[in-house]
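These notes are about the structure you will find just below.
Laboratory data are not the source of any read-out in this text; all were calculated from the coordinates shown. What you are looking at is a predicted structure, and each value in this text was computed from that prediction instead of being measured. Counting neighbours? That spans all protein chains shown, and the Cβs are built from the backbone with ideal geometry, glycine included.
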Amino acid sequence: MAGYIFGRVIGGFITLLCVSALAFFATALAPGNPAAVLLGNMATPERVEAVNRLMGLDQPLPVRYGIWLREVLAGNLGNSNLSFRPVLGLIGAALPATLELAALSLLVAVVVSIPLGLLMAHKQASWWMRPLSGFVTLGISVPGFWVGLLLIVIFSVWLHILPSGGFVPANRNLGQNLRSLVLPTLTLAIYLTPSLVRFVRVAAASVLREDYVDTARAKGAGIGRIMFRHVAPNTLISTITYIGLQLGLLISGAIIVEVIFAIPGIGRLGMSAVLNRDYPVIQGVVLVAATGYVVVNLLVDLAYSLIDPRVRVR
Amino acid sequence: MTEAAHSAGEIAVAAPVRRRRQGMLAYLARRSPLALLLVTLFLFAAVFGPLISPHSMTETDLSLANLPPNGSYWLGTDALGRDVLSRILGSAGVAAQAMLIVVLIGGILGASLGLVAGGLGGITDLIVSRVTEILQGFPTVLIAIVIVALLTPSLTNAMVAVGLAAVPDFARIARSVAIQLRDREFIQAARGLGAGELRILVTETLPNMIGPLIIIASFDGAQAIMWEAALSFLGLGVQPPAPSFGSMLRDAQNYLNINPWLAVTVGVAVSAIILGLNLLGDALSDYYEMTER
């Protein structure tokens, strides 16, 4: 067990190093000299060279990466090229909105998908299975952000019951905050749900074929007991891993949804940084999002091995 | 590309692929006529779109702005008075390019990695598996942000990001087929005849995984089109005035209250294409006798 955890943590650590290198080189290799940008119209070749030396930009790339990494570990992500505010502060201000959106959407998606997937696995022979699974395939094929636009047309433009943007922070007014998050959450949840339903259905169907389900049936267990006592727990274990893998999709989806609904989260911060070529902010956003992805996946792996001892001996 | 990865994950590979007597097209036409119809329409629009489009894709005329569907503009016009149908036909061509780039990058890189990992095993397998595991499910938008930050926003750059994200899907399936074939009689026979391991991989193993790779290509092609739309919508992909599903939906969002038609028609078109490719993937899985676990 200790060996397994150690291996996983080391793996996660290596991944984080790769990710940090990615974030660093994405900006270090980008066109345009930061010294020249900083000097603006006061730039002369001599001054640029002096500032380069001052900022350590004349050092070889690996050395610069080392220095940068040391600064990052000390909590210094640099300043925005546009607002000159510390990147860490900008990200800290944007993170709560993103986390709230992601958590709410994931919650809705899980609450809908698991019962629906179990039901679909149980009722495989029913006449309404074909249309329902067709609907799931359709759901997988529809671009999530387009659903967001349709929701805006229906609920904001036609019915005038929900706002199409204008995020309200939770600490200002929780009711308004939740109201402003209904459409974004719905959009992201609808994006995540179809593939999750499909996964739960397939996982539950394979559990239903296990011998221990037959045994339970032979012992006279009702379908309710079989589904909740035997199938659901065994399905949940693999579903947790799947959700960990879906985390990338959740992050991508959250970025898009933030742009559609003008939510001042980390995705919108990153997108405007890319379009404005604000490299320190891009670096920070990529680093934080990727770190979140790696760390959560690591936690999922570890949780998985705690819940299901079979994993460790694999 | 987690979604396609998930589809791939559900497939238990039966190797080597045993073909049905029936031809592939005949089987598809019977099993999933809708898939065949949608994909054919898409490919036709992608190839002949510029020839059959009724109006110009980029010519603007503000006096015709934001028209709903009508006799001369079947799907209406956008905010600059451009014909939506013509722009959708143009977008189909862009989508096909997106699909091609992603499938080529993901397919060639992924299949070679998987082939070598599964065929040679040992330390090669370990390294390749770990690397693909890390890439697997990594947020595509983040990869796109990094690449676009390094270079410039364009269709190719955005699709390189999506192609990289697709590598694990192809690698995983190629690896699992290669492992299953490793000790089969015909491989051992080739080995006995003195063929080197690399030669065996290329001449014996590779031809036997074409089917599974085509299936993944179909699912990841659908994903490619979805990502082209998403990344162009974000401004990371195709740049205006060139038409693309994503850039059209981006335009549509600014006029949702005056011209909701634009969002509806473009979204239905791109969804139909993705649906066609996903259904095709499902049907091909059946054709190649792969069953869901």
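When A:Arg130, A:Arg225 are ordered from fewest to most other Cβ atoms inside 10 Å of their Cβ, what list results?
If I rank by nearby Cβ atoms, fewest first, I get A:Arg130, A:Arg225.
With 10 angstrom as the radius, rank A:His122, A:His160 by how many other C-beta atoms surround their C-beta, starting from the fewest.
Ascending number of Cβ neighbours within 10 Å: A:His160, A:His122.
For segment A:112-224, max minus min Cα coordinate along each principal axis, in Å, sorted largest first?
57, 32, 19
Give me log10 I(q)/I(0) at q = 0.10, 0.14 Å⁻¹ for segment B:159-266, Debye formula, one equal scatterer per alpha-carbon, no solvent.
Here log10 of I(q) over I(0) equals -0.49, -0.68.
Checking the a/c ratio against 1.5 first, then a/b against b/c, what shape does the Cα gyration tensor give for the protein assembly as shown?
Here the protein assembly as shown falls in the rounded category.
Quick one: grab the alpha carbon gyration tensor of segment A:147-197, order the square roots of its eigenvalues as a ≥ b ≥ c, and give me rounded if a/c is under 1.5, else prolate or oblate depending on whether a/b is larger than b/c.
Oblate shape, in that a/c is at least 1.5 and b/c is the bigger or equal ratio.
Compute the whole-percent fraction of alpha carbon pairs in chain A spaced more than 23 Å apart.
Everything past 23 Å amounts to 67 percent.
Can you tell me the FRET efficiency between A:Arg53 and A:Phe13 if r is taken as the Cβ-Cβ distance and R0 is 56 Å, rounded to the nearest 0.05?
Efficiency computed from Cβ-Cβ geometry: 0.95.
Tell me, Kirkwood radius of segment A:243-314 from alpha-carbon pair distances, in Å?
13.7 Å
Which whole-number percent of Cα pairs in segment A:1-137 have a distance greater than 17 Å?
77 percent
Measure of size requested: the Rg and Dmax of segment A:179-246, with Cα atoms as the atom set and Å as the unit; please supply both.
Expressed in Å, the Cα Rg and Dmax of segment A:179-246 come to 15.6, 51.
What nm distance separates the two modelled labels at B:Phe44 and A:Ala218, each placed 7 Å from Cα along Cα→Cβ?
Calculated label separation equals 5.7 nm.
Going by how many other Cβ atoms sit within 10 Å of their own, how do B:Trp227, A:Trp158, A:Trp68 line up, fewest first?
A:Trp158, A:Trp68, B:Trp227
How would you classify segment B:66-186 from its alpha-carbon gyration tensor, with a ≥ b ≥ c the square roots of the eigenvalues: rounded for a/c under 1.5, else prolate if a/b is greater than b/c, otherwise oblate?
prolate
Give the distance, in whole Å, between the Cα centre of segment A:114-141 and the Cα centre of segment A:58-73.
52 Å
Can you grab the distance from the C-alpha centre of segment B:171-209 to the C-alpha centre of segment A:270-301, Å, no decimals?
40 Å
Consider a paramagnetic label point 7 Å from the Cα of A:Leu159 along Cα→Cβ; state which residues of segment A:168-204 have an amide N under 12 Å from it.
A:183
Taking the inverse of the average 1/r across all pairs of different Cα atoms in chain B, what Kirkwood radius in Å do you get?
20.4 Å
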